[in-house]
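Colleague: Attaching a single structure in structure tokens format; questions to follow.
Taken together, the values in this text are just the output of simple stated rules run on the coordinates, not laboratory data. Everything numeric here is computed off the predicted structure, so don't read it as measured data. FYI the Cβ positions are ideal-geometry reconstructions off the backbone, even for glycines, and counts take in every protein chain you see.
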Amino acid sequence: MLDYDGTLTPIVPDPTQAFLPEKGLELLRKLCRHPQIYVAIVSGRSVPQLRYFLHALAGEDITWCGLHGGEIYLPQSDQFLRQPQREQLQVQLQPLREQVLGQLTAENLLDLGVFIEDKTDSLAVHYRQAQVPIKHRLIELMYCLFASDIPLTAPFKLQPGKEVLEILPHTFDKGNCVAFLWNLWQVQQGCYIGDDVTDEAAFAVVNARGGLSIAVGKTPGTTQAQYICSEVADVYEVLVALGS
């Protein structure tokens, strides 16, 4: 089970250009064809986004988990699983979406390196290309909104990531997703590799089940993962070892 951005492909300034290098595609292709290995991508991106970036793997046996587990596509049964009450959550998100857009527009942050990625079921506010004072102001605004307007924000959580703040339903959680896949596959052993704060819940589940957890780009003591890879190139070495 693998995160995408920062794990299989390096973080890039423009998230719309996060295509997987050919070496990564080939490694995933080999793992998918291994008779004793299940492969899943578990990402904050939507399933359609993931399949677009990895279109070269169309037809391979990959389980696609988008929106931190909020949606899962199972190729084995051609099923698209989504969280219950999805339509209700979308309705509840709309006024919050408008509030966020209004506040960022009022302070001109959308002209200063901040942009909103609307995933229909969630929102991602990216600030990688903003200057440091703008980043600080954005973070302050978002946390103040969640602290001050409880009725508006109650169904959702504000999830920090690498140069991004995500507004997600509470049920969208990589730990829950990993537990679901583990039970679905009925495996005795599993591995999860990720690089971000959102992957910590997945590490916890894998650790509790006696699996292998690997963080990318972390330092000892800052993650629940058992092992650390310095960069994406090291992840590829791990995948080679797993496939052998």
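Colleague: How big is the shadow of the Cα convex hull of segment 86-169, averaged over all directions, in nm²?
Modeller: 4.9
Colleague: Between Val91 and Glu107, 0.36 nm times their residue separation minus their Cα-Cα distance comes to what?
Modeller: 3.2 nm
Colleague: Indicate, rounded to the nearest 5 percent, the antiparallel portion of the DSSP beta bridges found entirely in the chain.
Modeller: Values: 21 of 35 bridges.
Close to 60 percent.
Colleague: While we're here: Using the beta-carbon distance between Ala56 and Ser148 and R0 = 51 Å, what value does 1/(1 + (r/R0)^6) give for FRET efficiency, to the nearest 0.05?
Modeller: Once rounded, the FRET efficiency stands at 0.65.
Colleague: Would you compute, for the Cα atoms of the chain, the largest minus smallest coordinate along each principal axis and list the three values in descending order, in whole Å?
Modeller: For the chain, the Cα extents along the three principal axes come out at 54, 37, 35 Å.
Colleague: In percent, what relative contact order does segment 118-170 have, based on Cα pairs under 8 Å that are 6 or more apart in sequence?
Modeller: Across segment 118-170, relative contact order equals 47 percent.
Colleague: Which of Lys157/Lys218; Lys23/Lys157; Lys30/Lys135; Lys23/Lys174 have a Cα-Cα distance over 30 Å?
Modeller: Lys23/Lys157; Lys30/Lys135
Colleague: Once you keep just the Cα pairs under 8 angstrom separated by 6 or more residues, what percentage relative contact order results for the chain? Spell out each step's value before the answer.
Modeller: Details: 385 pairs, mean separation 45.3, N = 244.
Normalised by residue count, the contact order of the chain is 19 percent.
Colleague: A further question on this structure: Round to the nearest 0.05 the FRET efficiency obtained for Val12 and Leu184 when R0 = 25 Å and r is the Cβ-Cβ distance.
Modeller: The formula returns an efficiency of 0.20 here.
Colleague: At Thr120 and Glu22, where each label point lies 7 Å from the Cα along Cα→Cβ, what is the point-to-point distance in nanometres?
Modeller: Placing both labels 7 Å beyond Cα along the Cβ direction yields 3.4 nm.
Colleague: For the chain, find the longest principal axis of its Cα atoms and tell me its angle to the long axis of helix 86-106, 0 to 90°, nearest 10.
Modeller: Taking the Cα atoms of the chain, the angle to 86-106 is about 50 degrees.
Colleague: Something else about it: At 222 nm, what value in deg cm²/dmol follows for the chain if DSSP H runs of at least 4 each add -39500 (n - 2.57) and the sum is divided by all its residues, to the nearest 500?
Modeller: Helix contribution divided over all residues of the chain: -11500 deg cm²/dmol.
Colleague: Stretch Leu81-Lys157 to full length: gain in nm at 0.36 nm per residue minus the Cα-Cα span?
Modeller: Difference between extended and current length: 25.2 nm.
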